[in-house]
Amino acid sequence: MRVAVIGGGAAGYFAALSVIEHHPKAQVTIYEKSDKVLSKVRISGGGRCNVTHDEPVVSRLIKHYPRGANFLRKAFAIFSVPDTIAWFKRHGVALKAEADGRMFPITDDSSTVVHALYDTAMRQGVRLALRSGVTRVEPVEGGFRLVMNDRMVMADKVIVTTGGHPKPDSYAWLAELGHRIEPPVPSLFTFNIPDDPIHQLMGVALPARVRIVGTSLESTGPVLITHWGLSGPAVLRLSAWGARSLSEKAYRFTVQVNWAGGRSEEVLRSQLGAEAMTLDRKAARNVDPFHLPTRFWVFQLDRAGIDPAQVWGTVPRKAKNRLLDLLTNDRYEVSGKTTFKEEFVTAGGVALEQVAPLTMQSSIYPGLHFAGEVLDIDGITGGFNFQAAWTTGFIAGRSVGG
Ligand SMILES: Cc1cc2nc3c(=O)[nH]c(=O)nc-3n(C[C@H](O)[C@H](O)[C@H](O)COP(=O)(O)OP(=O)(O)OC[C@H]3O[C@@H](n4cnc5c(N)ncnc54)[C@H](O)[C@@H]3O)c2cc1C
């Protein structure tokens, strides 16, 4: 059985190794268009590779996928996080979990993961054809013909693992095969808020609730203020869940931020009332009722028209109300996005209704399989995207024989 894996990324390598594991006599070749393999694994997670997420329960795991959750529910029943941890352990890579659940190699170095995949594939006889971009796959009697710029090759089975691409043209050859393509749009980005004084607070991080005005999109968690706008887990989560609708808005929208972690104005007001005895004699700058970062507190005092040196008890009620409004109902005009350098992915790709989740096989052409980000599957940041690549790659490789 000649198996062609198109694309030498995370899913491609995992698929190739799974073919060998389940069908030891198969002859597997990875066709990679560039002159390097596993490039994203190498740069992933800031060079540390966030391999997966410490979430063994499938019903909870799938909640981290804005697209593909139902499809993955079935796939994760075959290969999920504990299988990933065990696989890497068997191949010499021990993983550790951080407090937020992200899992990295204990070396904190992505090259450990790259070597495990690359060296195992070499040892197990997986062939590698670099500078071999596939431009077309033609179903022929008993198999497939892969067309490249300088040659054609034949294969009995094909696993497509070409990853995500922002340009719809990149999927044209898959659409030619009759597969519907969900239009690709970027996911996992940060929000640009041009020319706003909030940039002064660059580097400040605090728990907040962020909403996109006029939609039901909302997320609570750490927000990081950057020199271009807003970032941090809560913002990235919103960018993933809103990937399609925010693209339709051309990344122009209003965000409402509750800097008090979602507590209401009334809750904050009653807290101020309860602590009045101790607060009233202090300078506004030193009043810290909500335990906000000092730079942030002084910035908001200033916006509310309160002199930080003024004694808190003498600050007019109107100014305090303005301050509470800024803390619970702050608004910013977002105009544009910035790619999150630690991890970004494409939402969209090969539509899932034409792919079987238990085999990753095309319902149009038996023998044609898909895995990884080329599918219309993407997760939020935290190791979920690689987990989808390992799972779908494993299943595709296992299933090519049947
Ligand atoms: C900077 C960055 C950091 C990231 N960090 C993390 C992280 O820490 N954790 C996480 O879970 N996810 C992370 N991700 C997302 C993750 O890298 C991807 O979801 C994952 O790599 C997808 O694997 P894949 O094999 O499907 O695609 P890819 O890794 O993109 O591999 C596809 C391969 O196919 C090749 N190819 C494309 N078209 C053709 C063709 N026509 N013929 C032949 N070859 C072709 C490409 O050159 C590429 O080598 C990160 C992404 C980026 C960009």
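The values are calculated or read from the model by the stated rules, or taken from the named source; none is laboratory data. This one's a predicted model, so the numbers in the text were calculated from it and none came from an experiment. Note that each Cβ is placed from the backbone with ideal geometry, even for glycine, and that neighbours are counted across all protein chains shown.
Table: residues versus (1) more than 14 Å from the ligand (Cβ to nearest atom); (2) within 21 Å of the chain's Cα centre (by Cα).
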{"site": "K63", "(1), (2)": "yes, yes"}
{"site": "G68", "(1), (2)": "no, yes"}
{"site": "F79", "(1), (2)": "yes, yes"}
{"site": "G92", "(1), (2)": "yes, no"}
{"site": "D108", "(1), (2)": "no, yes"}
{"site": "T120", "(1), (2)": "yes, no"}
{"site": "G125", "(1), (2)": "yes, no"}
{"site": "P139", "(1), (2)": "yes, no"}
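A quick yes/no check of all residues on (1) assigned by TED's automatic domain parsing to the domain that holds H115; (2) surrounded by 22 or more Cβ atoms within 10 Å (Cβ to Cβ); (3) within 9 Å of the ligand (Cβ to nearest atom); (4) at pLDDT below 95:
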{"residue": "G7", "(1), (2), (3), (4)": "yes, yes, yes, no"}
{"residue": "A15", "(1), (2), (3), (4)": "yes, yes, yes, no"}
{"residue": "H22", "(1), (2), (3), (4)": "yes, no, no, no"}
{"residue": "K33", "(1), (2), (3), (4)": "yes, no, yes, no"}
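I'd like the full set of residues that are buried (at least 16 other Cβ atoms within 10 Å of the Cβ) and either outside the structural domain of G12 (by TED's automatic domain parsing) or within 20 Å of S363 (Cα to Cα) (or both), limited to the range 164-176.
From the range 164-176, those buried (at least 16 other Cβ atoms within 10 Å of the Cβ) are 164, 170-171, 173-174; that's our starting set.
Those that are buried (at least 16 other Cβ atoms within 10 Å of the Cβ) and either outside the structural domain of G12 (by TED's automatic domain parsing) or within 20 Å of S363 (Cα to Cα) (or both): Y171, W173, L174.
Return the total of residues in the range 370-402 being outside any loop (DSSP other than H, G, I, E, B), over 17 Å from G8 (Cα atoms) and within 9 Å of the ligand (Cβ to nearest atom).
Filtering the range 370-402 down to residues outside any loop (DSSP other than H, G, I, E, B) leaves 370, 372-375, 378, 384-399.
Restricting the remaining residues to those that are over 17 Å from G8 (Cα atoms) gives 378, 384, 398-399.
Next cut, within 9 Å of the ligand (Cβ to nearest atom) only: 378, 384.
So the count comes out to 2.
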Odd one out for T254 among (1) in contact with an Asp or Glu (Cβ under 7 Å, 6 or more places away or on another chain); (2) buried (at least 18 other Cβ atoms within 10 Å of the Cβ):
(2)
Do we find a residue being aliphatic (A, V, I, L, M) and in contact with a Lys or Arg (Cβ under 8 Å, 6 or more places away or on another chain) anywhere in the range 39-57?
no
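Residues of the range 219-260 being outside any helix (DSSP H, G or I), within 10 Å of P207 (Cα to Cα) and out of contact with any Leu (no Cβ under 8 Å at 6 or more places or on another chain), which ones? Step through it out loud before you land on a result.
Going through the range 219-260, the residues outside any helix (DSSP H, G or I) turn out to be 219-232, 242, 249-260.
Narrowing the set further to residues that are within 10 Å of P207 (Cα to Cα) leaves 220-224, 232, 258-260.
Passing the criteria: T220, G221.
Keeping to the range 97-119, report how many residues are surrounded by 18 or more Cβ atoms within 10 Å (Cβ to Cβ) and of a type outside the set (K, R). Please lay out each step first, then the result.
The first filter runs over the range 97-119 and keeps only residues surrounded by 18 or more Cβ atoms within 10 Å (Cβ to Cβ), leaving 102-105, 110, 112-114, 116-118.
Adding the requirement that they be of a type outside the set (K, R) leaves 103-105, 110, 112-114, 116-118.
Summing the residues that are surrounded by 18 or more Cβ atoms within 10 Å (Cβ to Cβ) and of a type outside the set (K, R) in the range 97-119 gives 10.
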